[in-house]
Amino acid sequence: MRDVAADASGHSIDHARGLLRDAGRVVVLTGAGVSAESGVPTFRGAGGLWKEYRAEELATPEAFARDPRLVWEWYGWRRRLVQQCTPNAAHIALAETAAQRDGFRIVTQNVDGLHVAAARAPSARPLELHGSLFRTRCTRCSERRADDDVVDATSRETLPRCAACGAMARPDIVWFGESLDARVLDEAMQLASGANVCLVVGTSALVHPAAGLADLTRRAGGAVIEINLADTPLTSGATVALRGPASVLVPELLAPDPAE
Ligand code: BV8
Ligand code: ZN
């Protein structure tokens, strides 16, 4: 039985809150839409373009091999942009719930680090499926390093270098055509197939394998709650689909019952 409300009517919210209340294990899957109200451009929304490039054109190993300076210039721009942004009410409500409630885990496609910034406890730290804007990885020895410096992309010589072996460093981000970190993907699939509820927030659900996680929950008999401004390929299979901005609907959904 699917309960879709054009807007987030009380009935649907109550239904979704009931599912979350009764759930032992919850996995949350987020996309760019959860950070849109923090000012982070989404991929397919108006801000999805940088200069004349689409994200899918620059976020590939081929683009980096062809012109690492251009790709680093893009990631440098995104890093500076995101450093002006702060977690919104959706990030904060998710982090607070994950800190207070066992079996409530956040899995994100976002590389903006806003779920990490909102986390006040290790259990609230998200699984970052696609990496982070604030980490680099060596192109030779794969050494990973936290990095929130300003990127100097004036020439190949000025690009970030590996502190261990001196080779060129790349953003520690999963590009299109590249496999996700096997340990991270495995943990995400375990969480999804073991969850009673998969809460999907702000994703167009077009990029795989991330988009397949909600189906794992559904196939295991769990419920899927979707929060988005518009329909997605997940809507038809969702138990409850709520329409509205994440920063409003997520806190409403996760607020403790008045009685409690
Ligand atoms: C891989 C890091 C092995 C980069 C990213 C199966 C079928 C079809 C294709 C494939 C498949 N398996 C593999 C593929 C190929 C590919 C893929 O899925 N292509 C798509 C485009 C069809 N997948 C891969 O390449 C993956 N690797 O599978 O390796 C392999 C390799 C080759 C072939 C087979 C197997 C790697 C994918 C990871 C790529 N890296 N990010 C960077 O950031 O620079 S993906 C990137 O795009 C994001 O991380 C995210 O995953 C995706 C963007 O989606 P969203 O986050 O959802 O954002 P979007 O803008 O699209 O939507 C925003 C949504 O929010 C909208 O619905 C909107 O309505 C809503 N919204 C907006 N505002 C709000 C809101 N909702 C609520 N409130 C609001 N305020
Ligand atoms: Zn190295």
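All of the numbers you see were taken from the coordinates with simple rules; none came from a lab. Note that the coordinates shown come from a computational prediction; the quantities given were computed from them, not determined experimentally. Virtual Cβ from ideal backbone geometry, glycine too; neighbours counted across all protein chains shown.
List of remarks:
- Between 0 and 90°, nearest 10: helix 68-83 axis offset from the chain longest Cα axis: 40 degrees
- Dipole size of the chain about its Cα centre, with +1 on Lys/Arg Cβ and -1 on Asp/Glu Cβ: approximately 480 debye, rounded to the nearest 20.
- For Ile106, the residues whose amide H sits under 5 Å from its own are Val28, Leu127, ignoring neighbours fewer than 5 places away on the same chain, with H placed 1.01 Å from N.
- Placing dummy labels 7 Å off each Cα toward the beta-carbon, the span from Ala167 to Glu143 is 1.2 nm.
- The charge dipole of region 214-260, taken about its Cα centre with unit charges on the Cβ atoms of Lys, Arg (+1), Asp and Glu (-1) only, comes to about 200 debye.
- Extension gain, Arg156 to Arg69: 0.36 nm times the residue separation minus the Cα-Cα distance gives 30.8 nm.
- When you restrict to C-alpha pairs under 8 Å that are six or more residues apart and normalise by the size of region 191-235, the relative contact order lands at 50 percent.
- Convex hull volume of the Cα atoms of region 76-214, normalised per residue: 128 Å³.
- Helix-only [θ]222 nm of the chain, DSSP H runs n ≥ 4, -39500 (n - 2.57) each, per residue, nearest 500: -9000 deg cm²/dmol
- Fewest neighbouring Cβ atoms within 10 Å first, the residues Arg218, Arg80 line up as Arg80, Arg218.
- Using the Cα coordinates of region 103-166, the gyration tensor eigenvalues translate into equivalent-ellipsoid semi-axes of 28, 13, 10 Å, sorted from longest to shortest.
- Taking only Cα atoms of the chain, radius of gyration then Dmax in Å: 18.7, 62
- Each residue of region 94-108 was assigned a 3J(HN,Hα) from its phi angle through the Karplus curve 6.51 cos²θ - 1.76 cosθ + 1.60 (θ = phi - 60°); the sequence is 5, 5, 5, 5, 5, 6, 8, 10, 5, x, 10, 10, 9, 10, 10 Hz, with glycine and proline shown as x.
- Selection from Phe176, Val197, Ala153 lying farthest towards where the dipole of region 143-260 points positive, charges on Cβ: Phe176
- Rounded to the nearest Hz, the phi-derived 3J(HN,Hα) couplings of region 119-128 under the Karplus curve 6.51 cos²θ - 1.76 cosθ + 1.60 (θ = phi - 60°) are 6, 10, 8, x, 5, 8, 5, x, 7, 8, where x marks glycine and proline.
- Relative contact order for the chain, counting Cα pairs under 8 Å that sit 6 or more residues apart, in percent: 27 percent
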